[in-house]
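Undergrad: This structure is in structure tokens; I'll ask about it shortly.
The values are calculated or read from the model by the stated rules, or taken from the named source; none is laboratory data. Keep in mind the model is a prediction, meaning the values are calculated, not measured. A quick note on method: Cβ atoms are made from the backbone with ideal geometry, for glycine too, and the neighbour counts reach across all protein chains shown.
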Amino acid sequence: MIGILPTNSKGEVIAQPSLYNPPQDVVALTAKIRRDYGIGDDIQHRAFVEFNDLSVLGVMEQDQRSFNNYVFPKSTNPDEAWRFNGIRPLTRNKLIGIAAHTTAVLLYPNVFAQNDADEEDREAAQVMRDLVEYDIRNSEYELEFLFAVVSALVNPCVYLQASFDEVMQTIKEKDEKGQISKKEVMDEVLSGFHTNVIPVDEMLIANPYEFEHQRQRFVIRKRLIDYDEAEALYGKHANFTHVRPGVKILYSESGAFFDVNDDQLTTLVEEVTYRNRREDMEIQFVNGIFMSDGNIEVNRIRHRDTSGAPKYAEAKSGYEPIDDGRFYYFKSAANKFAHEQKLADRMYQLAMDGAFLDTMPPMGVFGDEVISASVSVPGRVTVFNRDTTTNPLFQGRNTNMAFQALEKIENSVTESSQDNLRAGVPGPGGRTAFEISQQEQNARIQLGLFGKMIARLIRDFGNLTIDIIVNHQTVGEAIEKMGEETAMKFSTFLLPEQTDKGKPVTKKIQFTDELAGKRFTEKEKMEESFKMMEEEGGYDSEKRIIKVNPSLFRKLKFKIMVVASNLLPKNEMLQKAMNLEFYDRAMLDPFSNKEQVARDFLYETFAKGESAKYMQKAQQMLGTPMEQPNGVKKKTSTPLVQQLQGGSSLGTLLAQ
């Protein structure tokens, strides 16, 4: 979109005029978007005091070098080349530990539904949760979630995008006679629900001092893609004939377009997507060539929320906010550790240089003899004059001080991130139950802010996913039924490995309008439920069918809730012991639901998703599950809890 046009001494453009000659309204739109592109590009290259007078791209490059353990080349000066230039992988180790800890539990958006009467609709919420899980399972969400956490730790911010695409491709088919014909089919790789992390340098914004991403006047996504992929996306557009790898079309203020060679685009092309939410506009360019609809007014933003309003399709977050919510970008963990990393590298290099000098010290020669370094070769015999003496130089260095300083630097980083034990690095000596519990609590405090940032990211991403489900996956497709008669075909979703009352089942969600406009009494609802149960194969079947009215479903209001504390994995052994202790006490409580308590806190504890296999039917039970003989009292404490706590009772531990 922007670039330097070559000119002569008179300031005249000497580039080759392009054959690309769009209509005047496209020329005017190109000029406007080019100005906004320049604003976004300037923001990425501008020095900010919030980044210690570095630019967005500058601090991003610095932090990525630190995370990737970048080692600067050795000096070419022979007097300096001997020095050790290695670094301590301090930042990378800490960031990998935090990322592993944060992604130990895959965070899913939790959905709540509200109807027109402002009442909670739990059944619809469960259907939406299942659909969100369906999209997540059938995308690269698990991997992208990991990349998003790492990106937030390393970069000034992270963008997690949710998109739904329908891309066609031409395939060749062979009939029974061996004749080859071409056919248009859906490209399964490029189509459907997709999740991806957008690099910071690919996203241009309008205002660096507007924190909310959705309030930006415009956002521009620029990326380099393969020419073949661009052809699959835009090959049918009339302007695509002007697209050539290695050649960008630049717009001049005079209103003309010129071809400029770009050595970075030998086999690639630059795709630019401009979106302006207030104007509800989304425009694509490839190598500076207009690729949207010629009727500019119909180029609206593709992603819409559940009410139909335009919305940017990215969720944004970061590691720690820089100020009180004014600056758009964040302070990454790599940037937070930057000063300690530099100091640790310097102390590490000094310590290693000192160790080298102590192991093989430089020698001073006193006398007229010229002695080369070859005298240190094992087995070599060298004859010296009587008056020649040698002494080692620079003796008495204390390298222990450097190593002690290095240890203090690493402890400083640990204090502001997480304990080594939480990262899987055991410390010297044993740990008591109280010490471990304190470390667990400290980890929750230290990672609490970052957990809230990630929870916010997943919440916004969940809302984007709901938008896609409502606007794309619950909408029917008109098909010809008989003659001129048409019917609506809706999508069906299968979710295996689900749990229903402790039993593994496969859920089948069907969107259908066959029940549209009907109102059921409680008796009729029960009759419909029995019909669906017969369709499932009976009560003991491993299939569950849910039928949903798409028009009513789309009218509901859905809200996302993500709990940050769910990011921190729990101690499984301790949790099992706690469940057993709760089970013992709850079974003696006359107000408890014995069957539910047994399922959730006993059988599900050790056989998750299979508790129904071990539990009797209610009518088969001979008495209360925890019935005790007269005069016999049930113990209300679990020895396992005390053993896991190192001999101290749980109450004492919590009291600490």
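Undergrad: Working only within the stretch 269-316, note down all residues that are closer than 13 Å to Thr30 by Cα and assigned to a loop (DSSP other than H, G, I, E, B).
TA: Correct list: Asn287, Gly288, Met291, Ser292, Gly294.
Undergrad: In addition: Looking only at strands (runs of 3 or more DSSP E) that fall completely inside the stretch 109-224, which ones have 3 or more residues that are outside the structural domain of Val272 (by TED's automatic domain parsing)?
TA: Correct list: 110-114.
Undergrad: If you don't mind, another one. What's the number of the only condition in (1) surrounded by 14 or more Cβ atoms within 10 Å (Cβ to Cβ); (2) at pLDDT 95 or above; (3) not aromatic (Phe, Trp, Tyr) that Asp262 fails to meet?
TA: (2)
Undergrad: How many of the residues in the stretch 553-575 are at pLDDT 75 or above and either in a helix (DSSP H, G or I) or touching a helix residue (DSSP H, G or I) at 6+ places or on another chain (Cβ under 9 Å) (or both)? Let's see the steps before the verdict.
TA: Of the stretch 553-575, the ones at pLDDT 75 or above are 553-562.
Filter once more, keeping what is either in a helix (DSSP H, G or I) or touching a helix residue (DSSP H, G or I) at 6+ places or on another chain (Cβ under 9 Å) (or both): 553-556, 558-562.
Qualifying residue count for the region: 9.
Undergrad: Just to verify a result, which residue in the stretch 588-599, among those that are closer than 19 Å to Lys501 by Cβ and assigned to a helix (DSSP H, G or I), is farthest from the chain's Cα centre (by Cα)? Spell out the reasoning first.
TA: Step one: filter the stretch 588-599 for residues closer than 19 Å to Lys501 by Cβ, giving 592-599.
The next check asks that each one be assigned to a helix (DSSP H, G or I); those that pass are 594-599.
Working: Lys594: 41, Glu595: 40, Gln596: 36, Val597: 36, Ala598: 37, Arg599: 34 Å.
So the residue we want is Lys594.
Undergrad: If a residue must be surrounded by 20 or more Cβ atoms within 10 Å (Cβ to Cβ), β-branched (Val, Ile, Thr) and within 17 Å of Leu457 (Cα to Cα), how many such residues does the stretch 104-136 contain?
TA: Residues that pass the stated criteria total 3.
Undergrad: Can you pull out the residues in the stretch 5-18 that are out of contact with any Ser or Thr (no Cβ under 9 Å at 6 or more places or on another chain) and either touching a residue at least 24 places away in the same chain (Cβ under 8 Å) or crowded, with 16+ Cβ neighbours inside 10 Å (or both)?
TA: Result: Pro6, Gln16, Pro17, Ser18.
Undergrad: Name the residue that is surrounded by the most Cβ atoms within 10 Å (Cβ to Cβ), counting only residues in the stretch 158-186 that are within 27 Å of Leu146 (Cα to Cα) and small (Gly, Ala, Ser).
TA: The qualifying residue surrounded by the most Cβ atoms within 10 Å (Cβ to Cβ) is Ala162.
Undergrad: Scan (1) in contact (Cβ under 8 Å) with a residue 12 or more places away in the chain; (2) over 23 Å from the mean Cα position of the chain (by Cα); (3) more than 26 Å from Met60 (Cα to Cα) for the single condition Asn287 breaks and write down its number.
TA: Asn287 satisfies all of (1) in contact (Cβ under 8 Å) with a residue 12 or more places away in the chain; (2) over 23 Å from the mean Cα position of the chain (by Cα); (3) more than 26 Å from Met60 (Cα to Cα) except (3).
Condition check ((1) among the aliphatic types (A, V, I, L, M); (2) over 28 Å from Leu464 (Cα atoms); (3) modelled with pLDDT of 85 or more) across all residues:
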| site | (1), (2), (3) |
| --- | --- |
| Met60 | yes, no, yes |
| Val71 | yes, yes, yes |
| Val105 | yes, no, no |
| Val111 | yes, no, yes |
| Ala124 | yes, no, yes |
| Tyr134 | no, no, yes |
| Glu142 | no, no, yes |
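Undergrad: Could you count how many residues in the stretch 220-241 are closer than 30 Å to Arg456 by Cβ and touching a Ser or Thr at 6+ places or on another chain (Cβ under 9 Å)?
TA: The total comes to 4.
Undergrad: Please verify whether Thr76 is outside any strand (DSSP E or B), among the β-branched types (Val, Ile, Thr), surrounded by 14 or more Cβ atoms within 10 Å (Cβ to Cβ) and out of contact with any His (no Cβ under 7 Å at 6 or more places or on another chain), treating the condition exactly as stated.
TA: no
Undergrad: Looking at the stretch 271-312, which of its residues are out of contact with any Pro (no Cβ under 9 Å at 6 or more places or on another chain) and among the hydrophobic types (A, V, I, L, M, F, W, C)?
TA: Result: Val272, Ile283, Phe285, Val286, Met291, Ile296, Val298, Ala309.
Undergrad: Determine which member of the set Asp280, Asp345 is over 24 Å from the mean Cα position of the chain (by Cα) and at pLDDT 90 or above.
TA: Only one candidate passes the filter, namely Asp280.
Undergrad: Could you check, for the stretch 249-268, whether at least one of its residues is in contact (Cβ under 8 Å) with a residue 24 or more places away in the chain, assigned to a strand (DSSP E or B) and over 22 Å from Val13 (Cβ atoms)?
TA: Yes, that holds for at least one residue.
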